């Protein structure tokens, strides 16, 4: 079927740059799809997650400190009979810190096998049913997991359903992966992983890269994830007293991942210099000796004294401002512009993006001092971004969101988290600080495709009573569809089979 170029662009806008089409979205933007995307940029349309549990980081960490104190008191408390056995209480799922080195087994999260079968049974232990036959009470998730589930619900039942296209939401996901932290490191990271995205990423998606970089590197989640609270200037007062030295984790990732890129021209000496510059960047503990508990603070006694040389430039010792000056220069470095431009073009357009597009984005980044709104506009305005070939595969997160939007489903967060875990992209839990891969090789493995089929079959079974497959796929993917996909859906023996074919079609899996 022939489609006008604008209707094709509408399909690409929703699939390539957005979160996936819902009923009516294609018709709503078909008159000017590129203009609709540009309007989202102009309006800085980035939905903000909300919910009772979604507090600021400092409040969450203060709650976490109190939670740990309560755990300690409960362990130390002895019953009146003096046996030393812990007192009975509501069943709790094990904390991740009890299982070092493993991804956290989330309370009430489906197991891998359960996700394959579309089940939502809990993997955490539950108490046996009472003798009278009444159902056993559900286990109460511990505080870090309860907050994590609330953060997930605010997105999968909230922000991903709000926008017409969702370019801002996609960018929030992109930047959260660029500046990756992992909730799998422990309960403190789990309770603030969502707050990190809310506070350090979303406010700056259409702002200045320098501001996002500063917000990220001073956020407790990043400092804890990359151990900068353990970094002491060897010649600082605290370093001398505690016999502690540098931890280069954060400095290395700032250079290699966050700004210049692995081929950005820095040396090991630059890594060490930056590590010295950001000594003293830490998080206030529960005692609040340096400030309000759970907040970023500059601890001068841990800061390496003296001037430092980074990438050929000398930064005088000005305490916190020494680090701020260094990050500002890194944000403006030409290599940073190229690194960011390449990642944006690779994410939205092609695994091997057109060089002319990368250069256009990098030049816009440089000439606007890293203003991400013009950079985003340059991406949308470039003809290279609108090739009709669907060469990118949706990541598991993008696939799940597209299914939720296409069907309007808002399941419990445990079901979504279980599916993401089974497909290899657990929410905010990459294997390392480089985040999840952004290329087809990472997600198109036989095991990955098999998992997608299981998810597609489950979604199709649940949606069979509500959707007519040919109409469903036409209103969600119309201009992108091939004759082969239309024919396969129309020949399906049941509605469930037709919807499963739609979800697994190349046009739904790719963007």
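Seen from all sides and averaged, what is the projected area of the convex hull of the Cα atoms in the range 243-301, in nm²?
4.8
What distance in nm separates the two pseudo spin-label positions at residue 27 and residue 346, each 7 Å out from Cα along the beta-carbon direction?
The two pseudo-label positions are separated by 4.1 nm.
When the chain is fully extended, how far beyond the present Cα-Cα distance does residue 268 get from residue 483, taking 0.36 nm per residue of separation?
71.9 nm
Would you mind pulling out the separation of the Cα centroids of the range 159-186 and the range 440-494, in Å?
First find each Cα centre; the distance between them is then 24 Å.
Just report the Cα centroid separation between the range 284-349 and the range 226-257, whole Å.
13
Tell me whether the range 376-493 comes out rounded, prolate or oblate; compute the Cα gyration tensor, take square roots of the eigenvalues as a ≥ b ≥ c, and use a/c under 1.5 as the rounded threshold.
oblate
When a footprinting reagent is the concern and you count Cβ atoms within 10 Å, what order do 394, 289, 476, 68 take, fewest first?
Placing the least packed residue first, the sequence is 289, 68, 394, 476.
If neighbour count is taken as other Cβ atoms inside 10 Å, put 507, 321, 40 in order from fewest to most.
321, 507, 40
Once label points are set 7 Å from the Cα along Cα→Cβ at both residue 391 and residue 317, what is their separation, rounded to one decimal in nm?
Result for the modelled spin labels: 5.2 nm.
Could you work out how far apart the two model spin labels at residue 146 and residue 230 are, taking each label as a point 7 Å from the Cα in the direction of the beta carbon, and quote it in nm?
Computed distance between label sites residue 146 and residue 230 equals 3.0 nm.
Most exposed first by the Cβ proxy, i.e. fewest other Cβ within 10 Å, how do 65, 421 rank?
Starting with the residue having the fewest Cβ neighbours, the order is 65, 421.
Over the chain, what lengths in whole Å, largest first, do the semi-axes of the equivalent ellipsoid take, defined as the square roots of 5 times the eigenvalues of the alpha-carbon gyration tensor?
40, 34, 17
Compute the Cα gyration tensor for the range 192-266, then decide on rounded, prolate or oblate, letting a ≥ b ≥ c be the square roots of its eigenvalues: rounded whenever a/c is under 1.5, prolate when a/b is larger than b/c in the other cases, and oblate in all that remain.
Verdict is oblate for the range 192-266.
Determine the relative contact order of the chain: mean sequence separation of Cα pairs under 8 Å and six or more apart, normalised by residue count, in whole percent.
20
Every number here is computed from the coordinates shown, using simple stated rules; none is lab data. Everything quoted here is computed from the prediction, not taken from an experiment. Neighbour counts are summed over all protein chains in view; Cβ atoms, including those assigned to glycine, are modelled from backbone coordinates with ideal geometry.
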